[in-house]
Each structure stands twice: as C-alpha cells, then as structure tokens.
Amino acid sequence: MLRRVPQPPVNPALRATERHDFWAGFIVALVGVAFTVCGARHLTAVDTVNGGTAWETQLIKAYSSAGLQYADHLPPTPPPKGDDPEALDRWARQVEHATAPSWKVRVDTESKAACPT
C-alpha cells in the first residue's frame, strides 16, 4: 500500500544553515520599553503646587489621595429677579468688580490623605 520513494543523497555541508538573528528582537524589545516608559511618564497641562507640570502618574495618585486643589473663585451670581432698580445696580457693581472664574486645578504631589471614595 505505502511505497517508499527514493530520496536524493543529501550533503550536510551544502545545506542552508538555520540562523536566528538577535538584533531584530532586541530592537523591537528596546522600542517597546521606550514606549512603555514614555507612556507612563506622560506630561499633562495641569500645574503642581511645587510649580511644574504634573506627570500622568502624579495626577492619578493625587486624585486617589485627595491631592487635587481647585481654585477658590466662585462664578458670578445670577441677576436678581424682579424690577427692583437698587438690586440691579448692586448686582451690576458686583459683576463689575468680580473676576472671571478660574477653573484651574493644581496637583499636590505630597498629599497622603486616604482615597475619598
């Protein structure tokens, strides 16, 4: 049923050698490490209390340890209801002297409070 097929003679000295190149894998691993380090240390546009910009990991740690500080400015009050001219004049003076609300967030990298959740 099965019949053997004769094979030509093989000269081991003339066979192609099996080689594994080291450099391709090494370069791919090096690029992977670089992407991991750069991705983990991504800068954000959020200021820190110490005066720099926060890394992404610092922002996450500050969020989990109550280290986010919000600006103290409150939005301006809405205009009074009704037709009272005195109240409207008082409101106009308040709005004139009020500063625009600053919704900036600062990161306190030294905060050690427990997670607020």
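Brief remarks follow.
- For the chain, the longest site-free run once trypsin sites (Lys or Arg not before Pro) in DSSP loop states with at most 13 other Cβ atoms within 10 Å are removed: 42-80
- Relative contact order (%) - criterion: Cα under 8 Å, at least six apart; region: the chain: 29 percent
- Within the set (1) 22.5; (2) 8.7; (3) 6.8, the number that mean projected area of the Cα convex hull in nm² takes when calculated for this structure is listed as (1).
- Label point distance in nm, GLU18-LEU43, each placed 7 Å from Cα along Cα→Cβ: 5.0 nm
Values in this text are rule-based calculations from the coordinates and carry no lab data. Here the structure is a predicted model, which is why all the values come from computation and not from measurement. Neighbour counts run over all protein chains shown; Cβ positions are idealised from the backbone, glycine included.
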